[in-house]
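The values are calculated or read from the model by the stated rules, or taken from the named source; none is laboratory data. As the structure is a prediction and not an experimental result, all values here were calculated from the model. Neighbour counts are summed over all protein chains in view; Cβ atoms, including those assigned to glycine, are modelled from backbone coordinates with ideal geometry. Note: accessible area is taken over every heavy atom of the protein model, side chains too, but ligands, DNA and RNA are not part of it. Shrake-Rupley method; radii C 1.70, N 1.55, O 1.52, S 1.80 Å.
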Amino acid sequence: SGASLPVGVITQIAVAGDKPIEVLRAPDGVRRVVVYLHGRCEKTDITSHEWTAEASKVAHVILLQGDGACPGTAYHEWTRDLAVIDARIEAAIAALGAAIPGKIDSTSLVLAGYSEGAKRAVSLGARGPIDT
């Protein structure tokens, strides 16, 4: 139904076999998805990124957490294994799609990132389209 995922409100969604994701749902009729990959050992909640509220007006925003722990902190870094990140992105998009059936277009995907996350986003983009 999608009623449990309100528009413009930061919501956490479970992802099978992975950490939960934070999402900002876009208004009905918007189908594009933005997946954000944070910087190495950076604060990872959506509210720490001022652009996400504006972005959620034109795309559903998914914040994926890195997979490796940063010692002595609650933060994460990214693996160099692009296949792992690719699979995690696919799972995150699938989880969002299950939460709001028929409301997203997984082929209209933008990868965004900062620092180490930006490097991974560029590397993933160079591999070609993500199959979902």
Exercise. Per residue of segment 111-118, in order, report the coupling 6.51 cos²θ - 1.76 cosθ + 1.60 (Karplus, θ = phi - 60°) as ³J(HN,Hα) in whole Hz, putting x for Gly and Pro.
Key: 9, 10, x, 10, 6, 4, x, 5
Quiz prompt | CD proxy at 222 nm, helix term only [per DSSP H run n ≥ 4: -39500 (n - 2.57); per residue of the chain; nearest 500] | solution = -8000 deg cm²/dmol
Quiz prompt | Compactness relative to 2.2 N^0.38 Å, alpha carbon Rg of segment 41-104 | solution = 1.27
Quiz item: How big is the chain by Rg and Dmax over its Cα atoms, in Å?
Solution: 13.7, 43
Quiz item: For Leu82 and Ser4 in one chain, what is 0.36 nm times their gap in residues minus the Cα-Cα distance, to one decimal in nm?
Solution: 24.9 nm
Self-check item: Residue-normalised accessible area of the chain, expressed per residue, 1.4 Å probe, Å²
Solution: 50
Exercise. Using a 1.4 Å probe and ignoring any ligands, DNA or RNA, find the accessible area of Val9 and quote it in Å² to the nearest 10.
Key: 70
Quiz item: In terms of modelled amide H atoms, which long-range or inter-chain residues lie less than 5 Å from the amide H of Glu77?
Solution: Cys41, Asp67, Gly68, Ala69, Cys70
Self-check item: Long-range HN-HN contacts of Leu64 with modeled amide H, under 5 Å
Solution: Tyr36, His38
Exercise. Kindly work out what percent of the DSSP beta bridges joining two residues of the chain are antiparallel, to the nearest 5.
Key: 45
Self-check item: Whole-percent carbon and sulfur share, accessible surface of the chain, 1.4 Å
Solution: 54
Quiz item: Which of the chymotrypsin sites (Phe, Trp or Tyr not before Pro) across segment 33-132 are loop residues per DSSP, with 11 or fewer other Cβ within 10 Å?
Solution: none
